[in-house]
Structure formats: C-alpha cells, structure tokens
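The values are calculated or read from the model by the stated rules, or taken from the named source; none is laboratory data. Not measured: the values here are computed from a predicted model. Heads up, the Cβs are rebuilt from the backbone with ideal geometry, glycines too, and the neighbour counts pull from every protein chain shown.
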There are 6 protein chains.
Amino acid sequence: MRLQLSTWPEVEAYLTRSTGIIVPIGSTEQHGPNGLIGTDALCPEIVANGVAERIDVLVAPTINVGMAQHHLAFPGSITLRPSTLIAVIRDMVQSLARTGFRHIYFFNGHGGNVATVQAAFAEIYAENSLAGAPGSPLHLKLANWYQGRRVGEVSRELFAGDEGSHATPSEISLTWHAYPQAAKRVAMQPARAPTGNFRDAEDYRRVFPDGRIGSNPMLASVEAGRRLFEASVEDTIEDYTAFLAR
Amino acid sequence: MRLQLSTWPEVEAYLTRSTGIIVPIGSTEQHGPNGLIGTDALCPEIVANGVAERIDVLVAPTINVGMAQHHLAFPGSITLRPSTLIAVIRDMVQSLARTGFRHIYFFNGHGGNVATVQAAFAEIYAENSLAGAPGSPLHLKLANWYQGRRVGEVSRELFAGDEGSHATPSEISLTWHAYPQAAKRVAMQPARAPTGNFRDAEDYRRVFPDGRIGSNPMLASVEAGRRLFEASVEDTIEDYTAFLAR
Amino acid sequence: MRLQLSTWPEVEAYLTRSTGIIVPIGSTEQHGPNGLIGTDALCPEIVANGVAERIDVLVAPTINVGMAQHHLAFPGSITLRPSTLIAVIRDMVQSLARTGFRHIYFFNGHGGNVATVQAAFAEIYAENSLAGAPGSPLHLKLANWYQGRRVGEVSRELFAGDEGSHATPSEISLTWHAYPQAAKRVAMQPARAPTGNFRDAEDYRRVFPDGRIGSNPMLASVEAGRRLFEASVEDTIEDYTAFLAR
Amino acid sequence: MRLQLSTWPEVEAYLTRSTGIIVPIGSTEQHGPNGLIGTDALCPEIVANGVAERIDVLVAPTINVGMAQHHLAFPGSITLRPSTLIAVIRDMVQSLARTGFRHIYFFNGHGGNVATVQAAFAEIYAENSLAGAPGSPLHLKLANWYQGRRVGEVSRELFAGDEGSHATPSEISLTWHAYPQAAKRVAMQPARAPTGNFRDAEDYRRVFPDGRIGSNPMLASVEAGRRLFEASVEDTIEDYTAFLAR
Amino acid sequence: MRLQLSTWPEVEAYLTRSTGIIVPIGSTEQHGPNGLIGTDALCPEIVANGVAERIDVLVAPTINVGMAQHHLAFPGSITLRPSTLIAVIRDMVQSLARTGFRHIYFFNGHGGNVATVQAAFAEIYAENSLAGAPGSPLHLKLANWYQGRRVGEVSRELFAGDEGSHATPSEISLTWHAYPQAAKRVAMQPARAPTGNFRDAEDYRRVFPDGRIGSNPMLASVEAGRRLFEASVEDTIEDYTAFLAR
Amino acid sequence: MRLQLSTWPEVEAYLTRSTGIIVPIGSTEQHGPNGLIGTDALCPEIVANGVAERIDVLVAPTINVGMAQHHLAFPGSITLRPSTLIAVIRDMVQSLARTGFRHIYFFNGHGGNVATVQAAFAEIYAENSLAGAPGSPLHLKLANWYQGRRVGEVSRELFAGDEGSHATPSEISLTWHAYPQAAKRVAMQPARAPTGNFRDAEDYRRVFPDGRIGSNPMLASVEAGRRLFEASVEDTIEDYTAFLAR
C-alpha cells in the first residue's frame, strides 16, 4: 500500500490495523560510469514496494535527496546539509506521529545518510527527554537494505571481493532489475576501483576519479538484481515485522 | 532524461548542451475522499516526465513532501515547516549550481508551496546581494502546472464551477491518467464542497470535513486526465523553453 | 489608538473591547529618483494611523525593515533575510497572543514581503498543527494597502498605465501627503520606466538603472496622496472590520 | 537627515561626505501606569532626529521591538527572542555595509537590549575573525541615551533617588516632550516603586505589580523632557563625532 | 563535590539537600606572552573546586570554550559563535532543570562571555514568558570571579594600575597557584600594555600586538595566586549562598 | 603539551613542528551505580594527556558535554541536542583551522557522540563541497578510545562477557586509575545488567533501571585501569601518528 496512491480514508482504515510505516530514504549522487544517479533512492523504494505487495504495510514517498556532500564534484549529485536533513526527518516524524503512526521504519540505501539519520532520531527524542514528559510513544528505526542477511549472502556469492563500497554491482543490479531499460554497458579501468578515505568533494574525485570505491560494477546484471530484490524483500519483511512487535 | 536514471557522464554530456533542469515539487497531503495523497507530487512529476519525452531536458527527482501544515488533521498528510523547506531548496540549488546548472525550474503541484518557495529564492539571492559580489549566475523559476493556459482551458471546459481549489477534478484526473489502477469511485455529500478560509489543521478540518475545497472530484476521469496531461506538457514546453532563453 | 503612545492599563482596557490589532509592515529600500526610501513602511503606517482616528483599533509600531534583497545595489536599502523576517513575525505574534490578542492584521506596503509573511503564518500555524493540540485561537491576515478596491480606482483614474509596479506615483503621492516637505521634483528618462524580471541586487540594478519598474513617478503629487489616503482608510476600515468578525 | 525621508541619490551623495549612520533601537513594552509602551523606542528616535537637525548625519528607521521577554505579563508588550534580534542586527549591518556604510552607531533606549546587541556585534565580527580574512572595515557601537553625561546630570538634579531603573521619570518626560498630548496623570502607590531582581514575565509582574522598578514617574513633566532632550542631543553629538573619528 | 567524579545515586542524594549547582565557564584564548591559553576556564574551575571543599555544593564540568572571536589572530585561540554558546547554555540548563536543579550559578572567568550568557538566560526565560505558562522555577545567575569584593581588594593592593583588563597579573597568578609548573617568566615591552578598543581578530592583534590589554603580567606570582584563590573562595561562598536563598 | 597550560607563543612554535591536535570529547551522563558521571569525558582526557607525555602533540581542552539525551532520567546527566553539538564542533574546527591546524583528531569516549560528530564533519566539509572551492585543507578524524586494538585485548582478557556496552568495567577502571579516590564499591543486582534497545530517557530508565547496559562494573579496579591506560596510550600513538601522515 503506497501512501502516495492512497486516499486519507484508506489511511485512516489502515491505522486501525497498524501504526507502522516504511519511509524509503536515499540519495541523488553519482554511482560511477554505469550506475544510476538515483541508485540509493531507487533501491529502498523498489524493495519497499515489493514488501508492500507481500504484507499489509504502508510505504511513504521516498526521500530522494540525502547527505552526499562528498559526491558534488560529479555532475548531477545533489546534497542536503546534515542540519537540513535532520530538520526534514524531524518534520516528517512529527507529522506522522500527529496522525497516529507509532513505528516509523526508515529504509535506507545510502551509507552517507546513516550518521545524520541517527542524529535526527536523537534530536527528536531529545525534545521528549528534556521535557521530562512521559516517554515518547514513537519507535524509530533506520535499516539499510544492503545490510540484510540474505542480501549479503547473494552479494558475496555473486561478487565477492568485487562488491566494494560505492557503486557496487549489487546496488546497480537491483536498479536494473526494476529499470532494465536503464542498464548500461561501460568499460572501466581498472576493473576493480581503488579503496581509501575521503573528505570533501574535491578530495573524493581526486582519489576516486570515476566515482567508484572498491567495486567492479561491470559485473552488474538484471538477473543478479532479481535475486537481490527477492532476498531484500525477505530480509525486510522479517526485520520490519520484528520492529512492529516492539 | 530523468536524473535518477542517468549516469554522471551522461549528465556531464547534457551540461554541454543545456544548463537547465526541471525539479518537480509537490506535497503529501489528503486530497478528499477519492483523491490520492500523492496528487500534488505526482502531477508535476507525470508532466515533467512527459516533457522529457518530447524535448531534451533533465528532470530531477521529485520533492515529495512540501508545506502542508493545514492538512495534518487528515491521516497520511506530512508537512515540512516553511523554514525546513527553505533549507531544502537552498541546499538543492547550491548543489545544482556547483556542477554547472544555471536555469533551475521548480515545477509545482501545490498552492501551499508557493509562498515558501518564493521565500527560498529570496533567501538564496540574498546571500549574493548582501555579499555585493558580482551578480548571481542563477535563474530560478517557480511554475505551477495547474496555472498553464491550456490546462485552464481544458479544466474550464470540463469542470467549470466544479473545479474548486483543493482536491480538484483536474488534478485527480491527471493522477488517474498515470495510475488508472488507483482511480476510485466514492460518493460525496454535497457534490460540490464548501469554500472559505482556513488557518491551522484543526480549523481546516472543521471547515472542510472531507478535505475538499469548492470542488466536485466525482467528475474526475482517466480521459480528462489524458487531455490535461497533453495540455500541460504543451504549456510546460513553451514556458520552460522561454525560461531557458533568459 | 497607537500602541507606542498607550500605557499598559489602556491596552488592558482595550482588550476588553477588542482582540484585534493592526501591525504595519514595510521595507527600507530605494524608490527611484524621487521616491522616499521609507515609502513602503510609511504608506501602511500613515493609513493605519488614519484608520485609528476613525475607529477603535490599536496600531502596533511599524516593522520598518522587510525583505528587500533585490534593492541592495542602491544605497540606503536594507533587507532582512526571509528566515529572519519569519522569526520576527513569529516572535511578535507569540507576544501579542500571550497578552490576549486574537486577530492580528499585518498591513503591508511592500510586494516583496508577501511570500515571506505568508510563509511566516504557515510556520506559526505549523507548530499548532504538528502538536495536534486544539485549534489555534489566532487569526492572522496579510493585507496590502495598494490592493484595496478604492485605492485601485483612484490609482487607475490618476495614473493609468504610468502606475507601474515599483516606485509608483501612487505610493510616492501617499508619502508626500503625510510628509509634504519631503516631496521632490526630479527629472527622469524615460518618463515611464522599463518592466521585466529580476533576480538579485546586481541583476535588478542592471535592468532598472534608476530603480523604478514600469512607473512614471513624476506624476506624483500631494493632492493625489490625499485622495489615496482617504481611499485607503475606507478600504482598510471595511476589510479590517470584516476580518474582526471572523 | 532621515533615511526614510531620503531618496537613494541623496544617500549616495551623503556617502561621499560620511560613512556613518545612527540606528535607533528600542523596545515595545510596558512602562508603568503612566509611561508609554513605546518609551524605549521613542526616546532614541526623538534624540537621533534632534541630532540630525544639528549635524550632517543619517538616521535609520527605528528598530521598534527589542528584547522584552520579562514584560510579557503586561498587555501590549512585544519581544523578540535574543536569537531573533541577533539575526535582525546581523542582516541590517550586512545591508548597510553592502552599500558603503562603515560606522554604524546603534543608539539604544532599553537596558534589556544591551547584552543581545553586544552578542550580535560579536556574531558579526566572528564571521570575519573565523575566515581569517583581512580585518573587517566595520565599526559598530552601542550607545545608551540614558547614560550620557549631561543626561545623568539633569536626571540626578531633577529626580535623584526617584529615578529608578524602569519607567523612570526621565524617559517618560522625554517622550512627553515630543508627544505632549500623550502625557497622562495617574496616581501610584507607593510613590516610589520597589527594586529587586526578576527572571521571566510571571516573576517580574509578581515582584513589580504595576511594572515600575524603583521609580516615581509621577514626577515626569514635559519641561523635564525638554531639558533631557537638549542634554541628550549634546551628549550624542559629542559621542557620535568621536566614534566617527576612529 | 564534583559532578564528574560523582555517581548518579550520589547526585540523587545531593538533590534532596540542595537544588543548586555551580557551572564554571571560561574561554580558550591567548593570554599574552606568559599567560596560559586556558586561563579563563581554569580560574573559575580552580575556585569552584575550592568552594566545593568548603561547602556542600555540586560543581559541573567546565565549559572550556567561550566567546573569543577577537583573539583568533593568536594561535591556540578557539571561539564559539554567540549563537552557538546560547544553544549550549540552553541545552545544559534544560538538562539540569530536567533532573531537579533549580539554582544554576554560572561562574565565569571571561569578560567576553558576559553578554552572550545574559542573552542565553533571556532566550531561556523567553520560552516561558511567551508560553504564558506559570512562572519558571529556574534561578539563573552569572557571576564573574574577578569581580568579587575580596578579589578586588587583593588585586588593587598587589597590582594597582598594572592589573589591566586582559592577561592580568591576577588571573595569571591564580592559574599558577594551581599549576605552578606552568608558571613562565617572559620579558615584555612595554611593561604595561596599551589600552583601547577592538573589533575583530585582525584589529585586536594590530592594536595589542602581544595580546595583553593594559596589564603587566610580569608581576604575576604563585603567592599572589594563593591569596587571590582564598579571596575568591570567600567571595563565592558568600555570593552563592545568598543566591541559593532566593 | 596541553593547550590550556600553554601560551600562544608556545603554540605558534608548535605549529612550525606539527599541524595536528587531539580534541578529547566525552559526555556528562550516568554510568551506573559505581561509575562516574564524567567517565566518558575523563577517559579520553586521561589517555590524551598520557599520549602528550610520550609524543610531541598538543591536547585541546575536553568537550565535556556531548549527546546524552537517553540518560536524562538519571540525575546529573546533561545533554546537548545533536544540532547544538554540530555547531560546537563546526566553530571549534573553524577556529583551529584559522590559526593553522590541519589535522584535528577528535578522541571520543562516548558511543552516543559518534553519529553526531560524523554529521558535524559532513556539515563542515559540505560548505567546501558546495562552494566548489579548491579542496579543504582539513583532515578530521573521530577515534574512539574503547575501540583500540590493544584496549580490546585487555578488556576481553579481563572482563569478557561482563564488559557490556554502558558503564563497562573497562571505562570505569580507567577513570579509577586516574582518580583512585573516586573508586566506589557498590553492590548491584543482577551482577550483569540486561541488554536491549532504548529510545528516549524514560524508555531507557524503564529498560535499564540502574543505568548499566550488559555490564558488570563490580569487576572494575584501579589495576585494570592502569593496564587499559597503557594499552590505550599505545593504540592512540599509533593511530594518531598514522593520521598525521595522511
């Protein structure tokens, strides 16, 4: 059940059955020579919609732009400052809480969002903690699709040491599963990208000139995407169901 | 050309042809008994993607959540505070400017966003104006799909005084054109909703108990949506092309 | 009754008769070769004081500085960032609400303030809407003196196509009515200024080199100011009285 | 020379003679049973305009609302939060600096503003200091009219121990000098108000039930106001002239 | 009793005896050729710990970094913007209030903090005052160790006109009393530093090239520090005890 | 070399040898029945000072208060909101950068700080990335003392499954090594505290009634603290030295 395609009476009815919602959150940033700029937003959105076809859960519209300051030397990358993203998450959580949601599951596709989303949760809880009011009724969770158990198994089986940490064959495959027309074949040198640290955007592009970190996304395929999709839907149903039970 | 489905080298190539981009911006809010909660985000997204099939233009991912504080008494509505939305737009514009975009066209589906987006533009320009630096290279525009000339003609022909100002048959038809499976038939009393002023969320729901303002969305249809889509694509190609020429 | 010239026991007594207040809001910005920099603040202040001589209403001190980033290339112009002006309006409204005011009528002289003031109203209401508390008791309205019906009639009769949209003969006449000693005769070329779009301060001055937009303020006169003053006092009594009745 | 009654070419000409400006800053707050709510804004405005009749100096429009949180239990009082007032001063200083002003003299009528205005100056200078850029060209000063040497002499002669520290006969007299029609006779018990500490608005009103601190404003008179006006104009010409010479 | 060296059950027990706490606040900034960069933080920390050995009072960890923008041209100086320091104090006060503290005594070693801390107190009280809620239970005080009566007597006796206002022999002596190993002998020319005004960091270093203002810290000594320590402990016990009694 | 005990000429000389600095960052929060409230600030401070006795490195004053919202139901705990801590770190980093530091090593004692400090780094880098300026010269690192390799070995050897994750015997031992007088013997039931998730302060105290998570701090000892101190000094010299070499 997608929030965007529902009416408010349908949501009102849903809230009598469940107070949980999945909020996909991603990023708009370069993903190497053949990866889509929307990869990190598309992956959790694709999986969340897959989950919603299997169980009775509401899926919010995707937060498409996240914290991607280090990618800004590549055209098409867009970032929010961490302080802005904290405000976005605070406002969204307060809105959802206002109309009765209690379990808000941020389903994430971008490692660069993790610290900021966790800081946002603390910012939200801090208002309650400082007020000394009765405990917050809210349950907030951040889950990363790429860290699911089944996803890890498939990824290791298919890509092993070529997975890397940015513009990975796994995430690119998953987007191609959903958008096969956007699959592109691009030659890259070296096959496996370098690894290392980075700081700001200039520094990132200097160290990782085509945008990849440690990955060989020439291995990506629609078929791998299908397997990862199925694995992630299973992972997420399990994790979300446990979260709801808290 | 959708930014989310492009690679950074493709965007780099695009920037040699054009420095313009369309950023759909909407809202996540109730749209009456049969309107979709995503209506205001879906409409500009649907039209922008239609434009991108006709001319060489890049479409950014949609800003799905806007300023909808007055709808929060209806389940499923989500708002950003105006101050948050200003920060979001500032960060996105700065990001796009960083990698070479100069003409940024916010294509809007929600009247409640207009004041805040214009304030955001002023906030962005103010930095430049206060610095006394050479003039900003940026061109920012807010355009509302529902105010296009051709759209107005179709809407008046089809719905006349039943169009209203929230949960209108026009916007609902347009979403049904793209998502016909989400079209719903719901009886409403009275057929045409009341009009009036509103302040906060409680006040809004008291005055407009089913969420509509002045509209009769029972008149919405997939076929009307098709006509509005075509009209809006034409309107937008004309307006965006003129904007690029500044 | 001017708030600045009243004592608190007088205000306490007033609040037993009415919970309304008029807050003039303007700007400090260039108004062309013969227009006063204070024009946009003086106009609503002059009219509001005229209203207060006719009916029992309290007039707050004027917000003299507004959102004028685009005028900063002309000496003497001063702006608040939109985010600052939002905070100012929020604090003033909260203060007035604290001591019993319920109908707060912002009476505006500057088109550049409109979006930001409306965003400020939404920011204020959003706190209530997000809290899910019982509806706000506050009624907030923004009214522009220059858009009154009677003002429009006088302006069209006297200036027609020479009115323009910045440094207009109407607003300049109104300030001269109150400050005849500040009336200045200055020759301008062309008589009627150009029209067009603008972005930041540099861009504005490039397009409108003497500051005017579309106007011929050489037509301004003390006598025209007297007629506009009377028209605007009538317009405002009518509009404010209707607002109080909500 | 009042900025509000000047044109931009007149300001441009002034800047060739001087880069200084006086910005009156006050407060909108209760001033006891017979003191005007605008007292703290009116006093520096009255004196500044008197100075401008004597020497060639530009006077900005008055900042009418200041930091008055402790007065909010009395109707008609309005406050800005300190963080808001800091933003207001920052934006105004940046605006004035943009068009060539270098010596900005905040002329203050309210003790409650002092800490916040000084914090605002530090906030402004900090940007320069942190950037490590060449030193700021700006000279910022806060001067309190009630602390002038000549003002102190007159005040002690006339009111001695009845001056107190809020709603003083001196400040009330000064406003009556300019607005004799607003002079009011009100009996108060005790003649001299109590002194003490205060915290928030509730605490203030509990300790100082009619709003005065340590003063006997029944001694105020139009004639005393005339003498204080003349003393303050002399004090301010001397102090401002020395400031310009830095 | 130092908060950092206590357990929460010990603090819980303390709160049954007292709701007061001392929060030392200083700065990290140059203190001339022989003064320690930590001087302004160490002085109140040293005295507060001395007080805690004499009476039953809890001492919070020191706020080591304050408002020192004007010292940034000297290596090792660190500042918070005033707006940041206001947020720090607000959060700390809210935290302490949350668990039962009512009398919060900020014990300060740096003149440059005074305005900002007072603005922070107003920011905190303003929330209560604007809410119109029952009066705040909080008592907030800022006390400067260097302004104690006994401290002044010792300082005048020992250093008279060589005390100056920054990098004073008194404050340096006090730090050497606690950290005799850090006492340094450095020759300075002239013996007594110049006095004057300053603005930003560049301006400060231009006017005060070795960092001192009006002082001769070659007179500092461990023995003077011992006497000042004892005087300040006495001053503070007296002042804090009176504060608690409010 | 402790910054607080140095003079500015000493720091100036240090900067000719190194541009690195260690900034200890901790928290002020309950640490169970026998753990010190300052534990998380004291641990990195103790180790950093130990490092400075071994190698030529400057140690900044400790950030004593961190992000501890979840501990506020226990007396003595103090938090900064994440947004406040981000501002603190931004201001400190900008200050240090201003006077020549390039490698800033935040040495942390509190897991609850990690997300916010990383968000702060991104906030700082984002300014550079958005400006499109040449890459930032700054190197920022967050290191947690409790995650050092040697520390982990000692901790596992001594405490194994009784280490837990809050109020651990390791961190408590380390504070007792430096402050043996503050070592306390307190009986706890059960010996090993429960584990689990938490949200706000009320929720935390409900789940972990004496404040510990998964630990048995009755095992803490001064001797264990000595071994952990030595291990952590070694870990940190190694890690900091490698960081400087980037």
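Remarks
- Filtering segment F:40-68 to residues that are out of contact with any strand residue (DSSP E or B) (no Cβ under 6 Å at 6 or more places or on another chain), outside any loop (DSSP other than H, G, I, E, B) and of a type in the set (A, V, I, L, M) leaves F:Ala41, F:Leu42, F:Ile46, F:Val47, F:Val51.
- For segment E:82-133, the set of residues classified as within 11 Å of chain D (Cβ to nearest Cβ) and within 20 Å of E:Ala245 (Cβ to Cβ) consists of E:Phe121 only.
- For segment D:190-220, the candidate set comprises residues that are among the hydroxyl-bearing types (Ser, Thr, Tyr) and surrounded by 16 or more Cβ atoms within 10 Å (Cβ to Cβ); within that set, the residue that is farthest from D:Phe107 (Cα to Cα) is D:Tyr204.
- Test: residue in segment F:225-244 that is among the small types (Gly, Ala, Ser) and either in contact with a Pro (Cβ under 6 Å, 6 or more places away or on another chain) or assigned to a loop (DSSP other than H, G, I, E, B) (or both): no
- Restricting segment F:24-34 to residues that are in a strand (DSSP E or B) and over 21 Å from F:Glu53 (Cβ atoms), the residue that is farthest from the other protein chains (Cβ to nearest Cβ): F:His31
- The single residue among F:Thr168, F:Thr236, F:Thr175 that is within 12 Å of another protein chain (Cβ to nearest Cβ) and crowded, with 18+ Cβ neighbours inside 10 Å turns out to be F:Thr175.
- Selection from segment A:134-153 of residues that are assigned to a loop (DSSP other than H, G, I, E, B) and of a type in the set (Gly, Ala, Ser): A:Gly135, A:Ser136, A:Gly148
- For the residues E:Ile37, E:Ile21, the requirement of being in a loop (DSSP other than H, G, I, E, B) and crowded, with 19+ Cβ neighbours inside 10 Å singles out E:Ile37.
- Of the residues in segment A:68-80, at least one is within 14 Å of the chain's Cα centre (by Cα), more than 7 Å from every other protein chain (Cβ to nearest Cβ) and either of a type in the set (A, V, I, L, M) or more than 22 Å from C:Ile124 (Cβ to Cβ) (or both).
- Which listed residue is within 14 Å of chain C (Cβ to nearest Cβ) and over 16 Å from the mean Cα position of the chain (by Cα), from B:Arg150, B:Arg156, B:Arg192, B:Arg199: B:Arg199
- Residue in segment E:46-55 that is within 9 Å of chain F (Cβ to nearest Cβ) and modelled with pLDDT of 95 or more present: no
- Residues (assigned to a loop (DSSP other than H, G, I, E, B), under 12 Å from D:Gly32 (Cα atoms) and among the basic types (Lys, Arg)) located in segment D:193-215: D:Arg212
- Scanning segment D:119-133 for residues that are part of a helix (DSSP H, G or I), more than 22 Å from D:Gly66 (Cβ to Cβ) and touching a helix residue (DSSP H, G or I) at 6+ places or on another chain (Cβ under 6 Å) yields a total of 2.
- Verdict on C:Gly76 being closer than 28 Å to D:Pro9 by Cα, among the small types (Gly, Ala, Ser) and in contact with an Asp or Glu (Cβ under 9 Å, 6 or more places away or on another chain): yes
- Selection of segment A:5-18 for residues being surrounded by fewer than 24 Cβ atoms within 10 Å (Cβ to Cβ) and within 7 Å of chain B (Cβ to nearest Cβ) yields A:Leu5, A:Ser6, A:Pro9, A:Val11, A:Glu12, A:Leu15.
- Residue match in segment D:134-141 (condition: at pLDDT 95 or above, within 14 Å of chain E (Cβ to nearest Cβ) and within 27 Å of D:Gln69 (Cβ to Cβ)): yes
- Those residues of segment F:81-114 which are in contact (Cβ under 8 Å) with a residue 40 or more places away in the chain and under 13 Å from the mean Cα position of the chain (by Cα), in sequence order: F:Tyr105, F:Phe106, F:Phe107, F:Asn108, F:Gly109, F:His110, F:Gly111, F:Gly112, F:Asn113
- Among residues that are surrounded by fewer than 24 Cβ atoms within 10 Å (Cβ to Cβ), on the phi < 0 side of the Ramachandran plot and either at pLDDT below 95 or not in a loop (DSSP other than H, G, I, E, B) (or both), B:Ser95 is not included.
- All positions within segment E:169-192 that are under 17 Å from E:Gly211 (Cα atoms) and part of a loop (DSSP other than H, G, I, E, B): E:Lys184, E:Arg185, E:Val186, E:Ala187, E:Met188, E:Gln189, E:Pro190, E:Ala191, E:Arg192
- Of residues in segment F:154-165 being assigned to a helix (DSSP H, G or I) and of a type in the set (D, E, K, R), the one surrounded by the most Cβ atoms within 10 Å (Cβ to Cβ): F:Asp162
- Taking the conditions (1) surrounded by fewer than 24 Cβ atoms within 10 Å (Cβ to Cβ); (2) in contact with a Leu (Cβ under 7 Å, 6 or more places away or on another chain) in turn, A:Arg90 satisfies each one other than (2).
- Residues located in segment F:61-80, provided they are closer than 17 Å to A:Ala119 by Cβ and without any contact (Cβ under 8 Å) to a residue 40 or more places away in the chain: F:Val65, F:Leu80
- Residue match in segment D:69-85 (condition: of a type in the set (S, T, N, Q), outside any helix (DSSP H, G or I) and buried (at least 24 other Cβ atoms within 10 Å of the Cβ)): yes
- Count - residues of segment F:40-56 that are surrounded by 24 or more Cβ atoms within 10 Å (Cβ to Cβ) and of a type in the set (Gly, Ala, Ser): 2
- Tallying residues that are surrounded by 24 or more Cβ atoms within 10 Å (Cβ to Cβ) and either basic (Lys, Arg) or closer than 15 Å to B:Val65 by Cα (or both) within segment B:98-116 yields 7.
- Near pairs, Cβ below 9 angstrom, 6+ apart or cross-chain, from segment B:183-199 (under 13 Å from B:Asp162 (Cβ atoms)) to any residue that is assigned to a loop (DSSP other than H, G, I, E, B) and of a type in the set (A, V, I, L, M): B:Ala193/B:Ala167
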